[in-house]
1. Excluding residues fewer than 8 places away in the same chain, name every one of the aspartates and glutamates whose C-alpha is closer than 18 Å to that of LYS63.
2. Amide H of LEU137 versus every other amide H placed in the peptide plane: which residues, excluding those fewer than 5 positions away on the same chain, fall under 5 Å?
3. Report the full-extension gain for the segment SER163 to PHE129: residue separation times 0.36 nm, less the Cα-Cα distance, to one decimal in nm.
4. Which of the peptides 47-56, 156-165 is most tightly packed, and how do the rest follow, going by the mean number of other Cβ atoms within 10 Å of each residue?
5. Provide the FRET efficiency to the nearest 0.05 for the ILE28-GLU5 pair, computing r from the beta carbons and using R0 = 25 Å.
6. In nm, give the distance between the simple-model label positions of LYS114 and ASP57, each being 7 Å from the Cα along the Cα-to-Cβ direction.
7. How far apart, in nm, are the 7 Å Cα→Cβ label points at ARG191 and ALA82?
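Nothing in this text is a laboratory measurement; each read-out follows from the coordinates by a stated rule. Model, not experiment: these values are computed from the prediction. Every residue, glycine as well, gets a Cβ built from its backbone with ideal geometry; the counts of neighbours run over all protein chains shown.
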Amino acid sequence: MRRAEDQQTERAASQPKTKRELREDERIRRFEQLRKDNIGAVYKRLAKVLHPDLEMDPFEREKKSRVMQEVTAAYACGDLHALLRLELQWIEGVGLDAARLGAEKLHAYTELLKQQASELEAECYQLCFHPRYASLLVEGPFGLPVVMNGPREAAMLDDLNESLQLDVERLGSADGIAVVRETLRAYRDARQDAEWTCRRRRI
């Protein structure tokens, strides 16, 4: 069976690829190239095409100067989306099928941006566990560290503080003795319930 599979693989490799397979290979190659690109590479390509000093026509020079300002601002802000949009508008040749090529590029760049967003999300998650923020970590289930939810902890402490203040006010009132008796009764009942539950489990 293994020999038959090897022979089938060899036959498939020796057969010439169809136009559809060649187009798919080219699309994958182009997509992988786009994945390797980064914001600096896109900026360099745009600067090479749009630099106003390289344009002889005064009208085109003025237009490229305005677009180059957009490119520089997008690069300074790290706005990959804006740079890719400008690249699609300016770098593609006039004789190409811009609609088809644009759709392919947009799809590839969308995948690239999704990947970058996922990587950034993972980095943000890992940042919580940096030693600098160790004081925000508490031991969770199975001994794994869990990031403390600051706002939730603050709200719980505020509620506890408010409850304690109410208890102090009640103890200082004329009903202070009644409050103490009520608290002791509740504590005794809770303890009896716990003991009863423990006995039932033993039975």
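1. Those aspartates and glutamates meeting the cut-off are ASP53, GLU55, GLU87, GLU92.
2. MET148
3. Numbers: separation 34, 0.36 × 34 = 12.24 nm, distance 3.32 nm.
Result: 8.9 nm gained on full extension.
4. Values: 47-56: 13.5, 156-165: 10.1.
The most tightly packed comes first, giving 47-56, 156-165.
5. Working: r = 24 Å, r/R0 = 0.95.
So the FRET efficiency works out to roughly 0.55.
6. Inter-label distance under the simple model: 3.9 nm.
7. A separation of 6.9 nm, rounded to one decimal place.
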